[in-house]
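For reference, the structure discussed in these notes is given below.
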Amino acid sequence: MYDLFSDFFDSFDIFPVYREETRCPNCHKTYYDFQKTGKFGCSECYKAFEEPIARTLRQVQASSEHIGKIPSKSSGEIIKKRKLAELKDKLAKAVKEENYELAAKLHKEIKEMEG
């Protein structure tokens, strides 16, 4: 039988370390069990396998934070709030990297959006 989850996870090279070594203290499942089935045994698995879950998410998607989609009937206010949050994150990164020219540009754009 074709095992979608197993084939998917086998394409990443970070999993062999977790094949049988770490077990959930509550249900005693391994991360390898999750790789085979695509399901955790209990809610404690999320804590027990926090590190490999985070690494997997970073490889599979751009962010480990789920922000959801915006319903088509939503006002432009939600989109504006997300854009502002994105600009503020970019501003913080620019300041941290001492890219003051970009920081000034982003700061100006934020002020314009905020009115």
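The values are calculated or read from the model by the stated rules, or taken from the named source; none is laboratory data. It should be emphasised that the depicted structure is a prediction, and the values quoted were computed from it without experimental measurement. All Cβ positions, even for glycine, are placed from backbone atoms using ideal geometry, and neighbour counts span all protein chains on display. Heavy atoms of the whole protein, side chains included, go into the accessibility calculation; ligands, DNA and RNA do not. Shrake-Rupley method; radii C 1.70, N 1.55, O 1.52, S 1.80 Å.
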Could you list, in sequence order, the residues of region 40-81 that are loosely packed, with under 11 Cβ neighbours inside 10 Å, at pLDDT 85 or above and either in a loop (DSSP other than H, G, I, E, B) or in contact with a strand residue (DSSP E or B) (Cβ under 8 Å, 6 or more places away or on another chain) (or both)?
-> Ser43
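Residues in region 90-98: is at least one surrounded by fewer than 11 Cβ atoms within 10 Å (Cβ to Cβ), at pLDDT 80 or above and part of a loop (DSSP other than H, G, I, E, B)?
So the first thing to find is which residues in region 90-98 are surrounded by fewer than 11 Cβ atoms within 10 Å (Cβ to Cβ), and the list is 96-98.
Filter again for at pLDDT 80 or above, leaving 96-98.
After this cut, where a residue has to be part of a loop (DSSP other than H, G, I, E, B) as well, the list is 97-98.
So far as region 90-98 goes, yes, one or more of its residues are surrounded by fewer than 11 Cβ atoms within 10 Å (Cβ to Cβ), at pLDDT 80 or above and part of a loop (DSSP other than H, G, I, E, B).
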Sort out which residues of region 25-39 are open to solvent by 30 Å² or more (accessible area, probe 1.4 Å) and not in a helix (DSSP H, G or I), and write them in order of number.
-> Pro25, Asn26, Cys27, His28, Lys29, Lys39
